[in-house]
Amino acid sequence: MHSILLAVSLAGLVAVPQVSAHLRIHTITGNVEYGKSRTTSLDFGDYIPFNGRDDVVNLQFDVQTFSNPVIPATQWSPWKDFHRQYMVQGCGATLQRIDWNWGKHPKTYKPFGEHHPNAWKHIFLNFFQKPVLAGDLVPTRSKMLEFANANKIAKVTPGGWVEVSYYQVNADGAGPFRCRFDAHGTGENFGAWLPGIVQPPVTGHNSFNQWGNGKHYLFRVPIPKDVYCGTTYGKYENVCTMRCENYAINGPFGGCFPFQVIFPQKPKPVSTETPSKETKPASTPTPKTKPPSKPIDFKKPEPEPVYGDAGYDVGKGNYDEGSEKYYRRKRDEVSGAKLRRRAAAADLAAAARILANAVPAEER
């Protein structure tokens, strides 16, 4: 019986893809009310620890990934022949969105139950490596409204900046980063990549650098002087959606977040003439330089992802640096348990032999 369970456990561990968490954008603030007006990436999970000691699956649950499927399919997956695609628009998908979406169908999602040895193997191969559905995507509009209602909006000025803090979990969670924003605040119209990003100290080719693991870093994104943001969310006008991502082959990884542009008012004209006592100048509102802002339909579902070229092949392979250690440890634990059982059985046999030799034959 033990050997059967051991074989099942090892088979499950071998077949589960070797993936791990990558980077988590957790704090964004702008040059207006610096440190006070803050936000996070749209699907950030504050329930997930930063210490890197939790289960590898839990640690990657809120990582926004901009490729479909979220995890590259391995040879054991029914989706192994589906070539991974880069999402040009939208705010990507996360494992926690997939878990939430499919968790409503437990007979399909968890047919073995919660704690069966094959439970996570089934989920990884059939859902986390499956091409995403609409419900798996980060719902940009509703999350933006949720953040606005919670006053989680970074504030900037034209020509200002946003400062993005993130936690690097493993080696493909490093910089450099690239960012662009959607002036309409929906995540459907991201423009050109912004120049002049002040990169974090830990970068690498394909955003690979193991020396940054388990630490917090930040980078700064400049806002154009002619920035236009024309969307209203809650009480916040002139809101845009920013999207930042790294260059990981297994990703890219990053996040989307809201920011509001605070446009300066034009000064009142100063008159050099002495006003006549007989006439009264008409009262006119102070002209402002900010553009009009209008609300959007936040109940509209996320559109089908738009795919394009990331500049590199996001379907090239499945990077396994972080979790190889994890699964090796799990395999060792299973093998260790087997060895302990063998040792215990050997001890019992030895004790029986000693006892047999110690008792005279006539007394046996």
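Computed from the coordinates by the stated procedures, all read-outs in this text should not be read as laboratory data. Quick caveat, the model's predicted, so the values are computed rather than measured. Heads up, the Cβs are rebuilt from the backbone with ideal geometry, glycines too, and the neighbour counts pull from every protein chain shown.
Looking at the range 98-220, the pairs of alpha carbons with a distance over 16 Å make up 75% of the total. This ranking places Arg220, Arg178, Arg24 by how few other beta-carbon atoms lie within 10 Å of each, fewest first, which gives Arg220, Arg178, Arg24. List the residues of the range 217-254 whose backbone N lies under 15 Å from a point placed 7 Å from the Cα of Lys300 along the Cα-to-Cβ direction. In the range 217-254, the label zone of Lys300 (backbone N under 15 Å from the point 7 Å along Cα→Cβ) covers 230-233, 241.
Step through the table entries Lys104/Lys152; Lys110/Lys155; Lys36/Lys316; Lys107/Lys143; Lys36/Lys294; Lys143/Lys225, compare each Cα-Cα distance with 31 Å, and write down the pairs that go over it.
Values: Lys104/Lys152 29 Å; Lys110/Lys155 43 Å; Lys36/Lys316 41 Å; Lys107/Lys143 29 Å; Lys36/Lys294 25 Å; Lys143/Lys225 27 Å.
In this structure, Lys110/Lys155; Lys36/Lys316 lie more than 31 Å apart at Cα.
Using 0.36 nm per residue and subtracting the Cα-Cα separation, the extra length available between Asp99 and Tyr307 on full extension is 72.6 nm.
List Lys130, Lys36 from most exposed to least, where exposure is judged by having the fewest other Cβ atoms within 10 Å. Fewest-to-most ranking of Lys130, Lys36: Lys36, Lys130. Sequentially through the range 114-119, phi angles give Karplus couplings (6.51, -1.76, 1.60; θ = phi - 60°) of 6, 10, 5, x, 9, 4 Hz, Gly and Pro residues having no value and appearing as x.
What FRET efficiency do you get for Gln75 and Tyr228 if R0 is 56 Å and r is their Cβ-Cβ distance, rounded to the nearest 0.05? It would help to have the intermediate numbers written out before the result.
Working: r = 47 Å, r/R0 = 0.84.
After rounding, the FRET efficiency stands at 0.75.
Note on His26, His105: ascending count of other Cβ atoms within 10 Å places them as His105, His26, the fewest first.
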